[in-house]
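The values are calculated or read from the model by the stated rules, or taken from the named source; none is laboratory data. From a predicted model like this one, the values you see are computed outputs, not experimental measurements. Note: ideal-geometry Cβ built from the backbone for every residue, glycine included; neighbour counts use all protein chains shown. Surface areas here come from the heavy atoms of the whole protein model, side chains and all, with no ligands, DNA or RNA. Shrake-Rupley method; radii C 1.70, N 1.55, O 1.52, S 1.80 Å.
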Amino acid sequence: MMLKYKLLIALLLSVVLLPIYTVAQNAAIRGFIYEEETGEPAMFSNVILKGTNFGGSADINGYFLISRVPQGSYILQVTYLGFDTINIPVLLEDNKILDKQLYLKKSSFELETVTISGERIAARTETRTSVVKITPKEIKAIPSIGGQADIAQYLQVIPGVVFTGDQGGQFYIRGGSPIQNKVMLDGMMIYNPFHSIGLFSVFETELIRNADIYTGGYNAEHGGRISSVMDITTKDGNKKRFSGSVSASTFGAKAVLEAPIVKQKEPGKGSATFILSVKNSYLEQSSKVLYDYIDEDGLPFNFLDVYGKATISAGNGSKFSLFGFNFNDKVNNYKSISDFGWNSYGGGANFVVIPGKSPVLLEGRFAYSEYTSSINSTTLSNRSSSIGGFNGGLDFTYFIGKDEFKYGIELEGYRTDYELVNFVGSKIEQSENTTQLGIYFKYKSILGKFIIEPGVRLQWYASMAEISPEPRLAVKYNATPGLRFKFAGGMYSQNLIAASSDRDVVNLFSGFLTGPTNLPETFDGKDVNSKLQKSTHAIIGAEIDLSNRLSLNIEGYYKYFPQLTNINRFKIYDENNKPPTGASDVETKDFIIEKGQAYGADMVLKYDYNKFYFWVVYSLGFVERQYEDKDGNMITYTPHFDRRHNINMIMSYITGQRKQWEFSARWNFGTGFPFTQVQGFYEHLTFPNGINSNYIYENGQLGILYDEIFQGRLPTYHRLDIDIKRNFFLAANTKLVTNLSVTNVYDRKNIFYVDLVTNEVVYQLPFMPSLGVSLYF
């Protein structure tokens with residue numbers, strides 16, 4: 001094991017140190033592009049040397065680099081939607097890098113040709129398979145429930161995403177459960193990004209700079225999860241003036257501030273800024289007055305989220321940020337749930353460095369975060385879980401003409417604690433420490449009409465003494481200016497498993513366990529040689545520009561999960577207390593192995609013209625799992641998030657002389673989820689005194705006889721939401737926005753769950769109007 005560790009370190013040092021001292025070949029120009037009004041990066045703006053094929057797009061930091069250019073005089077052109085085009089002369093010399101800091105001014109009118117050009121350039125120069133880029137503009141384009149736009153509401157319309165409900169809902173992405181979805185905020189691990197009322201996340205929309213949602217086939221820079229990645233970056237803060245917003249609605253309130261600590265006195269000079277957001281829900285109190293027709297006891301969903309960040313920016317674009325958060329969620333005595341809550345906190349730092357003489361971009365991060373949750377219930381098993389640990393990493397991006405070489409290292413360490421009493425009264429508990437190290441390499445090359453992006457990741461799991469080699473590949477073929485074909489795939493692994501039971505019809509609890517080493521020795525007639533959960537992805541698709549304003553994206557996907565670890569719902573004996581002779585692993589182990597697959601197709605049709613936007617998303621999905629019963633037979637079932645058909649239709653329209661009116665609507669249809677039916681009840685005797693127990697006088701507990709797992713199907717789900725906004729422009733930088741939204745316009749009775757004991761049907765949110773007011777300054 002020590003030899004493997006030394007080889008990993010040697011490999012890392014050889015690739016990290018060498019390019020730092022490598023100088024550029026031919027001439028090169030690099031720099032940062034910012035919005036002049038706020039100093040925020042103009043991410044994804046287009047940068048070209050006019051009249052040549054040299055150019056590209058700025059990244060989320062506004063950074064660009066054009067290298068391997070013949071020396072000479074050029075015109076550097078920058079275009080960005082809603083901003084004036086920049087054209088400046090530059091003189092490039094061999095073996096020298098020219099640095100530029102550029103600032104874009106807002107345009108008095110928008111050029112439709114710029115919009116088209118920007119989208120086309122990105123489509124032709126990036127693979128973009130199974131990835132959605134989100135900014136606050138997109139989030140606000142759909143109806144905002146409760147008067148507050150939130151990324152949790154936007155995620156519900158992303159192709160391949162299945163959302164299980166308004167109350168206690170979870171997100172499942174192309175067959176992957178929440179534990180298999182990696183969520184990062186400014187490079188920091190977020191273990192639970194969504195609140196119990198599934199309409200809201202822990203992220204503040206106004207502070208999001210960009211969010212990348214990878215639904216599968218992601219490349220080597222991401223690891224440690226086997227289904228999807230959500231990578232969110234926040235703003236640095238306004239470098240020029242004090243700004244922010246305050247909002248209140250029938251659901252909750254929030255305040256956002258951003259301002260300079262040290263103002264940027266002129267372009268190209270340094271600055272220091274901060275951002276701060278606080279938001280909470282008072283739905284438990286307001287619902288007793290406004291929504292008592294839903295439940296006379298109110299809707300007891302409470303949360304409080306606080307996030308802050310301070311950034312020091314140097315004149316050359318390098319920067320250093322410190323950040324911290326505290327998110328918490330509480331549900332008080334709702335229906336069959338006696339008490340549920342979770343708390344999460346953490347902090348860290350990240351940085352961007354531009355080395356002086358090398359065409360390398362260096363990014364780094366280090367953070368610590370912790371998450372604890374517990375549930376006490378009258379009908380479901382009690383359980384508690386906590387996870388806490390650090391994550392850090394370094395990323396190096398090396399630009400070689402139009403090509404790009406990216407590599408880095410990622411280190412994680414955490415501790416998990418978990419306790420559960422399962423449905424037969426057996427106690428399952430675990431406390432573990434683990435460390436994992438990832439090293440990755442990725443090369444992007446443009447060869448004629450092809451964009452080829454191979455990558456590889458080596459993931460080392462210290463607690464399991466395993467190294468997982470994981471090849472990745474993305475390819476795009478630009479067949480014509482309006483037709484592109486694409487592919488992405490790879491192999492993935494992870495250690496964490498979910499601390500939830502598949503027996504629960506509804507599950508608010510979200511907990512974590514380190515992958516156990518004490519697994520069954522065989523599975524499906526084969527020896528178990530690895531303790532890791534694994535998957536293989538393959539995605540193929542096409543992008544079709546039907547016109548300048550109408551586009552179609554189609555993707556088919558397949559995810560194979562050859563090994564999954566699940567809590568053993570069939571355990572009846574304690575392995576450490578001499579179980580009966582002949583008892584199988586299924587009857588004695590805390591955890592069992594499963595395998596499965598997810599496959600389907602997604603289609604997105606977008607129409608965007610001037611002030612009108614229309615979007616249709618259709619997803620067809622199949623999810624299957626297999627486990628081994630006590631007799632060695634393989635049993636196939638569909639998990640509770642298997643939704644066959646899912647349709648979203650979104651429309652938004654802006655009108656008025658000053659664009660002061662905004663209308664939006666969303667209709668969602670989904671076929672019913674599987675659930676486990678109940679056959680009957682019995683008196684469960686626990687025999688507390690063993691053979692000395694008097695079963696005649698003992699008061700037993702209510703026992704439940706289950707049918708085969710997830711053989712039933714709930715009715716179809718559908719709902720229409722609408723939203724109307726009115727903007728009042730009070731001053732140059734001040735506006736008041738009023739928001740009227742209606743959830744479930746035609747009051748569809750969508751089932752949330754059925755109480756196992758009383759047979760009471762609990763529904764999702766009914767017709768529910770809400771009003772919000774926001775002041776921006």
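Things worth noting here:
- Looking at 471, 454, just one residue is within 24 Å of the chain's Cα centre (by Cα), in contact (Cβ under 8 Å) with a residue 12 or more places away in the chain and surrounded by fewer than 15 Cβ atoms within 10 Å (Cβ to Cβ), and that residue is 471.
- Single condition residue 614 does not satisfy, out of (1) at pLDDT below 85; (2) under 30 Å from the mean Cα position of the chain (by Cα); (3) open to solvent by 30 Å² or more (accessible area, probe 1.4 Å): (1)
- Number of the condition not met by residue 315 [criteria: (1) in contact with a Gly (Cβ under 9 Å, 6 or more places away or on another chain); (2) over 30 Å from residue 269 (Cα atoms); (3) at pLDDT below 90]: (2)
- Count of the stretch 232-252 residues which are in a strand (DSSP E or B) and more than 24 Å from the chain's Cα centre (by Cα): 7
- Test: residue in the stretch 57-70 that is modelled with pLDDT of 90 or more and open to solvent by 40 Å² or more (accessible area, probe 1.4 Å): yes
- Test: residue in the stretch 307-321 that is out of contact with any Asp or Glu (no Cβ under 7 Å at 6 or more places or on another chain) and surrounded by fewer than 16 Cβ atoms within 10 Å (Cβ to Cβ): yes
- The stretch 261-302 - residue that is modelled with pLDDT of 90 or more and surrounded by 22 or more Cβ atoms within 10 Å (Cβ to Cβ) and, of those, farthest from residue 769 (Cα to Cα): 271
- Sub-7 Å Cβ pairs linking a first residue in the stretch 699-727 that is open to solvent by less than 30 Å² (accessible area, probe 1.4 Å) to a second residue that is assigned to a loop (DSSP other than H, G, I, E, B) and among the charged types (D, E, K, R), at least 6 apart or interchain, are 709/502; 719/748, ordered by first then second residue.
- Among the residues making up the stretch 47-56, those that are in contact with a Gly (Cβ under 9 Å, 6 or more places away or on another chain) and either basic (Lys, Arg) or open to solvent by 10 Å² or more (accessible area, probe 1.4 Å) (or both) are 48, 54.
- In the stretch 442-465, the residues that are over 25 Å from residue 226 (Cβ atoms) and of a type in the set (Ser, Thr, Tyr): 445
- Pairing residues of the stretch 139-153 that are in contact (Cβ under 8 Å) with a residue 24 or more places away in the chain with residues that are among the aromatic types (Phe, Trp, Tyr) and surrounded by fewer than 23 Cβ atoms within 10 Å (Cβ to Cβ), at Cβ distances under 9 Å and at least 6 apart in sequence or on separate chains, gives 141/613; 141/615; 142/615.
- Taken residue by residue, the stretch 567-575 has at least one member that is open to solvent by 60 Å² or more (accessible area, probe 1.4 Å), among the charged types (D, E, K, R), more than 30 Å from the chain's Cα centre (by Cα) and modelled with pLDDT under 95.
- Within the stretch 742-759, the set of residues being of a type in the set (Asp, Glu) and either touching a Leu at 6+ places or on another chain (Cβ under 8 Å) or without any contact (Cβ under 8 Å) to a residue 24 or more places away in the chain (or both) comprises 747 only.
- Some residue of the stretch 418-439 being out of contact with any Asp or Glu (no Cβ under 6 Å at 6 or more places or on another chain), outside any strand (DSSP E or B), open to solvent by 20 Å² or more (accessible area, probe 1.4 Å) and more than 30 Å from residue 518 (Cβ to Cβ): no
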